[in-house]
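Student: Below are the structure tokens for one structure; questions will follow.
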Amino acid sequence: MYNPNEDIILKSITALMMVRRMHDHSLAALDDKYALTPICADILVFLSKNPHYNTATHIIDKRHFTKSHVSTALKHLEKEGYITRFYDGTNHKTIYLSLTHKALQALDEIEPLHFNFLQNLTEGISPEELETTEKTLKTMIENARKHSLIRRNG
């Protein structure tokens, strides 16, 4: 069977994999200095920029990481002293996450790396092109979910 869009789709998938590698490479130095993997650094940046999204479920839903990756990363972040977990009031079903002073210190170095990654990645791309890309990727994610290629929570 022939899909006339196959070439562009495969090129897009390759581009997304290259972006992921570029992202991981941009944060690789953090592992030596702070014992942070790229996903751990991602989670710290996410929590820093989105204080109202402060649960594991928020991270999974908003960043599209798998449950297992988030669980492993959060255990590591807690063990290393970057986050604390707590219950809010009488609700003992939801565990909330909070950044520690150690995390805020690390973020002083992580956030510029994150910013530079985004700047380098989007160099020469107009806001309109980025908006179109976002819409296209959102539709592709929804199609993948609809056709059971990826599960909602990992």
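The values are calculated or read from the model by the stated rules, or taken from the named source; none is laboratory data. In this text the structure is predicted, and so the values were computed from the model without any measurement. A quick note on method: Cβ atoms are made from the backbone with ideal geometry, for glycine too, and the neighbour counts reach across all protein chains shown.
Student: Taking region 58-80 as the region of interest, how many residues are assigned to a helix (DSSP H, G or I) and either under 20 Å from GLU111 (Cα atoms) or without any contact (Cβ under 8 Å) to a residue 60 or more places away in the chain (or both)?
Tutor: Narrowing region 58-80 to residues assigned to a helix (DSSP H, G or I): 58-63, 67-79.
Among the residues that remain, those that are also either under 20 Å from GLU111 (Cα atoms) or without any contact (Cβ under 8 Å) to a residue 60 or more places away in the chain (or both) are: 58-59, 62-63, 70-79.
Here the count works out to 14.
Student: Still on this model: Of all residues in region 26-38 being part of a helix (DSSP H, G or I) and not aliphatic (A, V, I, L, M), which is farthest from LEU77 (Cα to Cα)? Can you show your working first?
Tutor: Looking only at region 26-38, we keep the residues that are part of a helix (DSSP H, G or I), and these are 26, 29-34, 38.
Next, only the ones that are not aliphatic (A, V, I, L, M) stay: 26, 31-34, 38.
Values: SER26: 19, ASP31: 12, ASP32: 15, LYS33: 14, TYR34: 10, PRO38: 12 Å.
If we take residues in region 26-38 being part of a helix (DSSP H, G or I) and not aliphatic (A, V, I, L, M), then SER26 is farthest from LEU77 (Cα to Cα).
Student: Shifting gears a bit: Which members of region 66-85 meet the condition of being surrounded by 14 or more Cβ atoms within 10 Å (Cβ to Cβ), of a type in the set (Val, Ile, Thr) and touching a strand residue (DSSP E or B) at 6+ places or on another chain (Cβ under 8 Å)?
Tutor: ILE83
Student: How about region 109-128: which of its residues are closer than 18 Å to ALA15 by Cα and more than 16 Å from the chain's Cα centre (by Cα)?
Tutor: Matches in region 109-128: GLN119, ASN120, THR122, GLU123, GLY124, ILE125, SER126.
Student: Which of (1) farther than 19 Å from MET17 by Cα; (2) at pLDDT below 95 does ILE150 not meet, given it meets every other one?
Tutor: Result: ILE150 passes all but (1).
Student: Being in a helix (DSSP H, G or I) and more than 24 Å from CYS40 (Cβ to Cβ) is the filter here; which residues of region 113-136 pass it? Before you say what the answer is, go through the steps one by one.
Tutor: Step one: filter region 113-136 for residues in a helix (DSSP H, G or I), giving 113-121, 127-136.
Scanning region 113-136 gives PRO127, GLU128, GLU129, LEU130, GLU131, THR132, THR133, GLU134, LYS135, THR136.
Student: Would you call HIS92 out of contact with any Lys or Arg (no Cβ under 7 Å at 6 or more places or on another chain), under 26 Å from SER12 (Cβ atoms) and modelled with pLDDT under 95? I'd like the intermediate steps shown before the answer.
Tutor: Values: out of contact with any Lys or Arg (no Cβ under 7 Å at 6 or more places or on another chain): yes; under 26 Å from SER12 (Cβ atoms): no; modelled with pLDDT under 95: yes.
Answer is no for this residue.
Student: Could you tell me which of the residues HIS23, HIS52 is part of a loop (DSSP other than H, G, I, E, B) and either in the same structural domain as TYR87 (by TED's automatic domain parsing) or buried (at least 19 other Cβ atoms within 10 Å of the Cβ) (or both)?
Tutor: Details: HIS23 fails: part of a loop (DSSP other than H, G, I, E, B).
Residue meeting the stated conditions: HIS52.
Student: Can you name the condition, by its number, that ALA41 falls short on among (1) surrounded by fewer than 16 Cβ atoms within 10 Å (Cβ to Cβ); (2) in a helix (DSSP H, G or I)?
Tutor: Condition (1) is where ALA41 drops out.
Student: Considering region 86-108 alone, what residues qualify as being small (Gly, Ala, Ser) and surrounded by 14 or more Cβ atoms within 10 Å (Cβ to Cβ)? Spell out the reasoning first.
Tutor: To start, the set of residues in region 86-108 that are small (Gly, Ala, Ser) comprises 89, 98, 103, 106.
Of everything in region 86-108, those that are small (Gly, Ala, Ser) and surrounded by 14 or more Cβ atoms within 10 Å (Cβ to Cβ) turn out to be ALA103, ALA106.
Student: Residue under question is ALA15, and the condition is that it be part of a helix (DSSP H, G or I) and within 23 Å of ARG145 (Cβ to Cβ); does it hold? I'd like the intermediate steps shown before the answer.
Tutor: Working: part of a helix (DSSP H, G or I): yes; within 23 Å of ARG145 (Cβ to Cβ): yes.
Judged against the criteria, ALA15 is a match.
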